[in-house]
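The values are calculated or read from the model by the stated rules, or taken from the named source; none is laboratory data. Not measured: the values here are computed from a predicted model. We place every Cβ from the backbone using ideal geometry, glycine too, and count neighbours over all the protein chains shown.
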Amino acid sequence: MGAVVIASLAWLSGVVSSHTQSHLLSIQTDAAGVLLGEGVSLIQTPLTTAAAVAQASHGDVAAVERSIGTDVGAQPRLFRSFSLWELTARGPVRLMELGQRTPLSASATTFAPVASRIRAPQELTVLHLSSSPLRLDCALEAVGTPTYVVLADVALPLGRHAIVPRSPAFRDLEFALYLGARPRPNRLLEATSPPARGATASVRVPFGTTALDFVASARRPLGGGLLPALPWIVGAVGAALLVAAAITTQWLMRRRQTAELLARENLRLYAEQRSISEVLQDALLPKLLPSVPGIALAARYVPGDSTADIGGDWYDVVRCDDRSFLFAIGDVSGRGVPAASIMASLHYAIRAYAAQGDHAAAILHKLTSLLDVARDGHFATVLLGHVDVPGHRLTLVNAGHLPPLVVSAGGARFVHVAPGAPIGVVEGLRYVPQTVHVAPGASVLAYTDGLVERRGELLDAGMARLQQVVSVVPEAPERLLDRVIQTLTSDAAFDDVALLAMRWTE
């Protein structure tokens with residue numbers, strides 16, 4: 001009976017060791033897949049931005065080169081080649097080319113099949129993986145007319161030899177990365193030396209019109225050196241059943257502590273990734289507001305609940321001339337990297353349209369073609385305002401956003417501009433501007449819904465609370481925003497908040 005019990009314990013220890021190793025490998029592979037998915041966005045975002053710049057500038061080659069030129073060239077840059085094409089009735093026309101010329105970009109004849117393979121605008125189309133030489137071609141079409149398409153050759157590691165990232169998620173892993181849904185040798189993009197072998201775990205990461213298959217194996221025991229040796233230890237010290245049971249119990253307790261430590265480490269890694277995403281989001285917001293004579297400007301961005309994902313709130317101020325400027329404040333529905341990506345696209349599109357001299361209503365009209373809630377899964381509310389400083393005139397155009405608040409010596413009042421549909425709901429909608437006169441010394445406050453919305457409370461209650469807070473003698477924008485944030489943002493605020501304040505000084 002003792003021999004049977006010892007043998008059973010040894011066998012059970014081997015099964016638990018194998019299961020724990022597989023479970024830890026699956027957890028670490030999933031964590032690596034999350035980071036790999038964020039890396040995929042680093043490839044698509046420059047191409048999306050370049051296509052949007054081409055559309056906004058009507059094919060201005062210099063503007064496109066400024067937006068993506070630093071990403072094209074010899075390794076370690078993202079792309080080895082880049083070309084911009086315009087699809088016309090007579091066929092594709094190459095407008096510019098950076099880096100090495102590829103077979104697909106050699107002529108209009110070789111590029112024509114590329115255009116036919118693009119299924120939808122703003123969707124990364126993976127075209128071709130060549131083995132000799134190693135090359136991965138991708139294309140992306142801008143939204144709007146005329147139609148512009150960017151074609152890029154993604155830089156792949158020489159000899160398909162992967163450089164292991166320093167992230168803990170890739171530690172102790174041997175892996176291979178394949179293009180497509182199945183790990184085929186002729187679709188290999190990169191691999192460690194040696195590649196994944198033995199027991200493996202895999203995760204699929206969306207990559208444009210296809211996917212990446214990440215296959216990983218453990219380079220060494222992920223639970224420590226004791227885990228695979230446990231069956232031998234149980235057999236060696238199992239002469240006495242009571243001693244063997246005590247050792248097994250102690251081992252199970254240690255394994256649970258290891259699993260708890262691993263879980264805490266995973267939470268730390270996820271928190272670190274969210275911190276990085278917040279830093280990237282903050283980098284999209286203007287660090288300094290422009291200086292315009294006769295008016296003082298101030299802005300704030302307050303993150304919401306630290307346990308939530310990043311949001312899509314933003315603000316911006318674009319100086320038109322010495323007398324006037326254009327301001328924008330908006331909020332993309334939803335949260336996470338997709339919402340932040342759409343926020344960046346709208347943010348820079350507004351800047352591009354403003355730079356070419358479009359007025360606020362025309363800018364909102366053009367934005368409707370950049371976003372489709374049925375296609376992208378998101379919509380955006382946007383408030384645009386053109387400020388004539390010497391004339392004390394404020395011209396507003398509203399796409400489903402909350403009304404701004406004007407604070408003067410007579411109190412605070414909301415400027416109720418006829419709200420049009422949010423961006424992404426109705427394409428081609430034209431918005432009606434409304435001009436109001438602002439008294440000397442008065443202030444204007446624009447904000448996103450996170451400032452006034454609370455769970456289980458009507459929106460009118462939050463707006464009345466905001467109006468009560470600012471219904472005092474007008475003050476400097478910095479002090480106004482400090483008081484609003486201190487009073488209205490608290491632990492009850494789940495959503496992010498963006499605020500923009502301006503005050504006439506003469």
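In the list Gly411, Gly400, which residue meets the criterion of being at pLDDT below 95 and either within 28 Å of His378 (Cα to Cα) or touching a strand residue (DSSP E or B) at 6+ places or on another chain (Cβ under 7 Å) (or both)?
On the way: Gly411 fails: either within 28 Å of His378 (Cα to Cα) or touching a strand residue (DSSP E or B) at 6+ places or on another chain (Cβ under 7 Å) (or both).
Result of the check over Gly411, Gly400: Gly400.
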Quiz item: What pairs come up if the first residue lies in the stretch 75-90 and is closer than 16 Å to Asp60 by Cα, the second is assigned to a loop (DSSP other than H, G, I, E, B) and at pLDDT 90 or above, and their beta carbons are under 6 Å apart, counting only those six or more places apart or on different chains?
Solution: Glu86/Gly59
Quiz item: Among the residues of the stretch 351-377 satisfying the criterion of being under 14 Å from Arg319 (Cβ atoms) and in contact with a strand residue (DSSP E or B) (Cβ under 7 Å, 6 or more places away or on another chain), which is surrounded by the most Cβ atoms within 10 Å (Cβ to Cβ)?
Solution: Ala354
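Let's see how each residue does on (1) loosely packed, with under 15 Cβ neighbours inside 10 Å; (2) under 30 Å from Glu265 (Cβ atoms):
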{"site": "Gln21", "(1), (2)": "no, yes"}
{"site": "Leu24", "(1), (2)": "no, yes"}
{"site": "Gln44", "(1), (2)": "no, yes"}
{"site": "Val53", "(1), (2)": "no, no"}
{"site": "Ala63", "(1), (2)": "no, no"}
{"site": "Pro92", "(1), (2)": "no, no"}
{"site": "Thr102", "(1), (2)": "no, no"}
{"site": "Ala112", "(1), (2)": "yes, no"}
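Please indicate, with yes or no, whether at least one residue in the stretch 139-155 is in contact with a Pro (Cβ under 7 Å, 6 or more places away or on another chain), within 30 Å of Ala218 (Cβ to Cβ) and among the hydrophobic types (A, V, I, L, M, F, W, C).
No.
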Exercise. Considering (1) within 24 Å of Ser57 (Cα to Cα); (2) in contact with a Pro (Cβ under 8 Å, 6 or more places away or on another chain); (3) surrounded by fewer than 17 Cβ atoms within 10 Å (Cβ to Cβ), say which one Ala380 fails and leave the rest.
Key: (3)
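Taking helices (runs of 4 or more DSSP H) that fall entirely within the stretch 298-406, which contain at least 3 residues that are of a type in the set (Ser, Thr, Tyr)?
Details: elements: 337-355, 360-367, 373-376.
Counting at least 3 such residues, we get 337-355.
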Exercise. Would you mind telling me which numbered condition in (1) part of a helix (DSSP H, G or I); (2) of a type outside the set (A, V, I, L, M, F, W, C); (3) surrounded by fewer than 16 Cβ atoms within 10 Å (Cβ to Cβ) Ser13 fails?
Key: (3)
Practice problem: Hey, can you tell me all the residues within the stretch 169-190 that are in contact with a Leu (Cβ under 7 Å, 6 or more places away or on another chain) and either surrounded by fewer than 17 Cβ atoms within 10 Å (Cβ to Cβ) or not hydroxyl-bearing (Ser, Thr, Tyr) (or both)? | Solution: Ala169, Asp172, Ala176, Leu177, Leu179, Arg187, Leu189, Glu190
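Return the residue satisfying two criteria in turn: it lies in the stretch 470-482 and is at pLDDT 90 or above and surrounded by 14 or more Cβ atoms within 10 Å (Cβ to Cβ), and of such residues it is farthest from Ala409 (Cα to Cα).
Residues of the stretch 470-482 at pLDDT 90 or above: 477-482.
With the extra rule that they be surrounded by 14 or more Cβ atoms within 10 Å (Cβ to Cβ), the set shrinks to 477-478, 480-482.
On the way: Pro477: 15, Glu478: 18, Leu480: 14, Leu481: 18, Asp482: 19 Å.
For the stretch 470-482, the residue satisfying everything is Asp482.
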Quiz prompt | Residue in the stretch 190-199 that is outside any strand (DSSP E or B) and either touching a residue at least 60 places away in the same chain (Cβ under 8 Å) or of a type in the set (A, V, I, L, M) (or both) present | solution = yes
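The rows are residues; the columns are (1) under 20 Å from Gly33 (Cα atoms); (2) within 26 Å of the chain's Cα centre (by Cα).
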residue: Leu140; (1), (2): no, yes
residue: Val150; (1), (2): no, yes
residue: Phe170; (1), (2): yes, yes
residue: Leu179; (1), (2): yes, yes
residue: Pro183; (1), (2): yes, no
residue: Arg187; (1), (2): yes, no
residue: Ala211; (1), (2): yes, yes
residue: Phe214; (1), (2): yes, yes
residue: Leu226; (1), (2): no, no
Exercise. Take the residues in the stretch 437-478 that are under 27 Å from Ala380 (Cα atoms) and part of a loop (DSSP other than H, G, I, E, B), then tell me which one is nearest to the chain's Cα centre (by Cα).
Key: Thr448
Quiz prompt | Filtered residue count, the stretch 414-435, keeping only those that are in contact with a Ser or Thr (Cβ under 8 Å, 6 or more places away or on another chain), farther than 25 Å from Asp376 by Cβ and surrounded by fewer than 17 Cβ atoms within 10 Å (Cβ to Cβ) | solution = 2
Exercise. Of all residues in the stretch 115-156, count the ones that are in contact with a helix residue (DSSP H, G or I) (Cβ under 6 Å, 6 or more places away or on another chain), within 20 Å of Arg90 (Cα to Cα) and surrounded by fewer than 21 Cβ atoms within 10 Å (Cβ to Cβ).
Key: 1
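Can you tell me which residue within the stretch 234-250, out of those that are within 16 Å of Val15 (Cα to Cα) and over 49 Å from the mean Cα position of the chain (by Cα), is surrounded by the most Cβ atoms within 10 Å (Cβ to Cβ)?
Step one: list which residues in the stretch 234-250 are within 16 Å of Val15 (Cα to Cα), which gives 234-235, 248-249.
Restricting the remaining residues to those that are over 49 Å from the mean Cα position of the chain (by Cα) gives 234-235.
Numbers: Val234: 23, Gly235: 16.
Per the criteria, the residue is Val234.
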Quiz prompt | Neighbours by Cβ (under 7 Å, 6+ apart or cross-chain): first from the stretch 155-168, over 22 Å from Gln100 (Cα atoms); second polar (S, T, N, Q) | solution = Ala162/Thr192; Val164/Thr192
